[in-house]
Amino acid sequence: MKVQPILDAINRGVGQLVSWFTLLLVIVIIGDVFMRYVFSITSAASFELEWHLFAVIFLLGVAWTLQQDRHVRVDVFYNSFSPKAKAWVNLLGTCILLFPICYVGIREGSQFAWNAYQLGEVSPDPGGLPYRFIIKSAIPVGFLLLGLQGVSELLKSISTLQSPKTS
């Protein structure tokens with residue numbers, strides 16, 4: 001059983017699920033704007049729900065973005081590299097940059113979410129959302145998914161480097 005296709009499938013599934021949150025975010029924003037301008041009703045909870053949805057879309061979608069090769073990279077030189085040179089760049093970038101960042105994000109994000117849970121943290125705004133630890137938990141989960149996708153990308157790079165067919 002190969003690990004790399006399983007990691008890709010996990011992040012593809014999470015990414016496709018989270019992509020639907022974009023539609024939900026648009027609906028929440030439209031509802032918020034409608035309520036504000038038609039009925040002069042505003043809600044701290046709706047504002048917070050908007051940024052919570054945006055945060056979840058970003059944090060849980062970043063691994064899928066990496067998998068689809070849609071992440072930010074300086075492509076000026078990279079596009080002209082051979083497949084093996086690209087594999088080296090990806091391998092080194094994953095080991096030197098991605099994994100350490102994911103480690104810190106998981107470690108610190110877990111503590112951040114745990115502290116919010118222990119304190120029973122809620123929104124400081126009247127009428128805001130309760131259970132702040134839920135959104136804060138998306139931080140370590142997002143970094144974990146990103147790290148897992150990094151493992152998949154690392155395995156792809158090693159496979160490319162070991163393949164005699166790529167130059």
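Which ones in the stretch 1-23 are charged (D, E, K, R) and either crowded, with 16+ Cβ neighbours inside 10 Å or modelled with pLDDT of 95 or more (or both)?
Taking the stretch 1-23 as the starting set, the residues that turn out to be charged (D, E, K, R) are 2, 8, 12.
D8, R12, listed by residue number.
Name the residue that is surrounded by the most Cβ atoms within 10 Å (Cβ to Cβ), counting only residues in the stretch 123-144 that are on the phi < 0 side of the Ramachandran plot and among the hydroxyl-bearing types (S, T, Y). If you could, list the steps in order and put the result at the bottom.
Let us first name the residues in the stretch 123-144 that are on the phi < 0 side of the Ramachandran plot, namely 123-126, 128-130, 132-144.
Narrowing the set further to residues that are among the hydroxyl-bearing types (S, T, Y) leaves 123, 137.
On the way: S123: 15, S137: 19.
Only one residue tops the list, namely S137.
In the stretch 122-161, what count of residues is obtained for those that are in a helix (DSSP H, G or I) and in contact with a Pro (Cβ under 7 Å, 6 or more places away or on another chain)?
Residues of the stretch 122-161 in a helix (DSSP H, G or I): 132-161.
Then drop every residue that is not in contact with a Pro (Cβ under 7 Å, 6 or more places away or on another chain), which leaves 160.
Summing the residues that are in a helix (DSSP H, G or I) and in contact with a Pro (Cβ under 7 Å, 6 or more places away or on another chain) in the stretch 122-161 gives 1.
Residue check, H71 against (1) closer than 25 Å to V14 by Cβ; (2) modelled with pLDDT of 95 or more; (3) not charged (D, E, K, R), all met but one. Which one?
(2)
Inspect the stretch 64-73 for any residue being among the aromatic types (F, W, Y) and farther than 14 Å from L146 by Cα and give the result as yes or no. Spell out how you get there, then give the answer.
Of all residues in the stretch 64-73, those among the aromatic types (F, W, Y) come to 64.
Now narrow it down to the ones that are farther than 14 Å from L146 by Cα: none.
No, that holds for no residue.
The values are calculated or read from the model by the stated rules, or taken from the named source; none is laboratory data. Predicted model only: the values in this text are computed from it and were never measured. Glycine gets a Cβ as well: all are built from the backbone with ideal geometry, and neighbour counts include every protein chain shown.
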